[in-house]
Amino acid sequence: MEEWIRIFNEQHEPVGRATRDEAHAKGLWHETFHCWLYDENDVILQKRSEQKAGYPNRYDVTAAGHLGEQETVHDGVREVKEELGISVSTDALEPFRIIPDVVEREEWHDREFAHVFFKKGMYHTNDFTLQKEEVEGLYRIAREDWIALLRKECDKVSVRTLNHAFVEHVRLEDFATHSASYWEACTHFFDK
């Protein structure tokens, strides 16, 4: 079944609809929902499933997804439930901003208006039931390490599983691709 999404112009005005595949093939602007979980010291990263067509086994936003044709940004919290198995309401989220996120690749052109939210809390392995088709695992990265990596002040940093049982060293290339302006905006949020 094809996934239909709303299409926008560069001013974020609705102009029609298209399938998700068509939007990526033609570089049409569309909306996504991004939710970053964090605590006092760490940012929680999603490691994408190896089954994912885009950026398999790469680190990314804690939970994210496309907004369907009939969905509002408030419906985006379904992504958190689907991917992570936890329920959150939009009232519990810190709205950040809409970030135009453009990633051009040879085989597809991703132009998103990413509705970015943050949620601070205490997170433990037992809190989550991961959707294995989407998510390989959840990892912690120290906020200061993440900021240093995004600012290219270091080449690699350590990430660790939520229960601290496994540590891995990662480079910026190990992350899903987002625009420089997207990473800069997220860095600004965590550097306060």
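The values are calculated or read from the model by the stated rules, or taken from the named source; none is laboratory data. This is a predicted model, so every value here is computed, not measured. For neighbour counting, all protein chains shown are included, and Cβ atoms are generated from backbone atoms with ideal geometry for every residue, glycine included.
Odds and ends about this structure:
- Summed over segment 1-16, residues that are charged (D, E, K, R) and touching a helix residue (DSSP H, G or I) at 6+ places or on another chain (Cβ under 9 Å) total 2.
- Criterion violated by Ala165 - all others in (1) touching a residue at least 24 places away in the same chain (Cβ under 8 Å); (2) surrounded by fewer than 15 Cβ atoms within 10 Å (Cβ to Cβ); (3) of a type outside the set (S, T, N, Q) satisfied: (1)
- Residue within segment 173-186 that is surrounded by fewer than 18 Cβ atoms within 10 Å (Cβ to Cβ) and part of a strand (DSSP E or B) present: no
- Of the criteria (1) under 24 Å from Gly137 (Cβ atoms); (2) out of contact with any Lys or Arg (no Cβ under 6 Å at 6 or more places or on another chain), which one Ala25 fails: (1)
- All positions within segment 46-81 that are modelled with pLDDT of 95 or more and basic (Lys, Arg): Lys47, Arg48, Arg58, Arg78, Lys81
- Options Arg105, Arg58, Arg97; residue that is in contact with a helix residue (DSSP H, G or I) (Cβ under 7 Å, 6 or more places away or on another chain) and farther than 26 Å from Thr161 by Cα: Arg97
- Annotation: of all residues in segment 59-76 being of a type in the set (Gly, Ala, Ser) and part of a strand (DSSP E or B), the one that is farthest from Arg171 (Cα to Cα) is Gly65.
- Any hit, segment 68-86, residues being closer than 20 Å to Gly137 by Cα, touching a residue at least 60 places away in the same chain (Cβ under 8 Å) and surrounded by fewer than 16 Cβ atoms within 10 Å (Cβ to Cβ): no
- Ile86 vs. criteria touching a helix residue (DSSP H, G or I) at 6+ places or on another chain (Cβ under 9 Å), in a strand (DSSP E or B), over 20 Å from Trp183 (Cβ atoms) and modelled with pLDDT of 95 or more: no
- Within segment 122-155, tally of residues that are in contact with a helix residue (DSSP H, G or I) (Cβ under 9 Å, 6 or more places away or on another chain), in a loop (DSSP other than H, G, I, E, B) and over 17 Å from Val167 (Cβ atoms): 8
- Strands (runs of 3 or more DSSP E) contained in segment 1-58 and holding at least 1 residues of a type in the set (Lys, Arg), in contact with a Pro (Cβ under 7 Å, 6 or more places away or on another chain) and surrounded by 13 or more Cβ atoms within 10 Å (Cβ to Cβ): 4-8, 42-48
- Test for Leu93: is it closer than 26 Å to Asp174 by Cα and either under 13 Å from the mean Cα position of the chain (by Cα) or at pLDDT 95 or above (or both): no
- Some residue of segment 127-139 being without any contact (Cβ under 8 Å) to a residue 40 or more places away in the chain, closer than 18 Å to Asn57 by Cβ and touching a Ser or Thr at 6+ places or on another chain (Cβ under 6 Å): no
- Yes/no for Leu149 being surrounded by 12 or more Cβ atoms within 10 Å (Cβ to Cβ), more than 20 Å from Pro56 (Cβ to Cβ), at pLDDT below 95 and out of contact with any Asp or Glu (no Cβ under 6 Å at 6 or more places or on another chain): no
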